[in-house]
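FYI, it's all coordinate maths here, none of it is from the lab. Because the structure is predicted, anything quoted here is derived from the model rather than measured. Glycine also receives a Cβ, built like all others from the backbone with ideal geometry; neighbour counts cover every protein chain displayed.
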Amino acid sequence: MPGDPTIRPATPEDAEVVVDILHEAARWLEREGKPMWKVGELDPLSTAVDVGAGFFLLAERAGEPAGVMKYQLEDPVFWPEVRLPDAAYVHRLAVRRRYAGTGVSTRLLGWAVERTRALPRNYLRLDCEASRPRLRAFYESFGFCYHSDKRVGPYHVARYEFDVAPGGPAGAR
């Protein structure tokens, strides 16, 4: 598909699209036998609140919604031991199936690296299900470094961080 996707903050008017993309990804993962989100975690009302608070980004390709990502400046649930404001955090990265493999995820992560660097913060952090080797390999190929494992409620996650300092381990993509 020609051209890089554009990234912009999701607006309250985009809340339904954000929920739809997340639900599409959740259904696909369920069919693949790799369920991701538990019942109620993709609640349209709480997602709309997060969108309204400015936490979600929307990736568009030729004006069509292609992917979403939640970006936040703290994460007391998955990184409770972090006390300093030295990082930003990514959650709920999801891409519509028809745009899978077209660079949408990489573009969203690249935006997050640049934004985190501009804040300035030292790290971009994320977590993913520890038992998902392909997803982990994707994050590692982008330049994220394994940090630690953590159990959070029903999840066993692998935590990763990306050093956003210029000339960091892999630089921004």
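Show me the ranking of peptides 108-117, 80-89, 12-21, 44-53 by mean Cβ neighbours inside 10 Å, starting with the highest.
My ranking of the peptides, most packed first, is 108-117, 12-21, 44-53, 80-89.
Among 43, 127, 163, determine the one that fluctuates most according to a GNM of the chain built with springs between C-alpha atoms less than 10 Å apart.
43
For the chain, with a Gaussian network of springs between Cα atoms less than 10 Å apart, report the residue from 23, 156, 91 with the top mean-square fluctuation.
Its mean-square fluctuation being the largest, the pick is 156.
For a distance above 21 Å, tell me the whole-number percent of Cα pairs in the range 6-163 that qualify.
44 percent
Quick one: order 128, 145 by neighbouring beta-carbon count within 10 Å, fewest to most.
Placing the least packed residue first, the sequence is 145, 128.
For the range 92-173, what D do you get in µm² per second when you plug the Kirkwood radius from alpha-carbon pairs into Stokes-Einstein at 20 °C and 1.002 mPa s?
Roughly 160 µm²/s, to the nearest whole number.
What does the extension gain come out to for residue 149 and residue 11, with contour length at 0.36 nm per residue minus their alpha carbon separation?
Separation in residues times 0.36 nm, less the Cα-Cα distance, equals 46.3 nm.
Would you tally the net charge around residue 27, using a Cβ to Cβ cut-off of less than 13 Å, leaving residue 27 out, and scoring K and R as +1, D and E as -1?
Here the count lands on 0.
Please identify, among 92, 125, 31, the residue showing maximal mean-square fluctuation in a Gaussian network model of the chain using a 10 angstrom Cα cutoff.
Sorting by GNM fluctuation, first place goes to 31.
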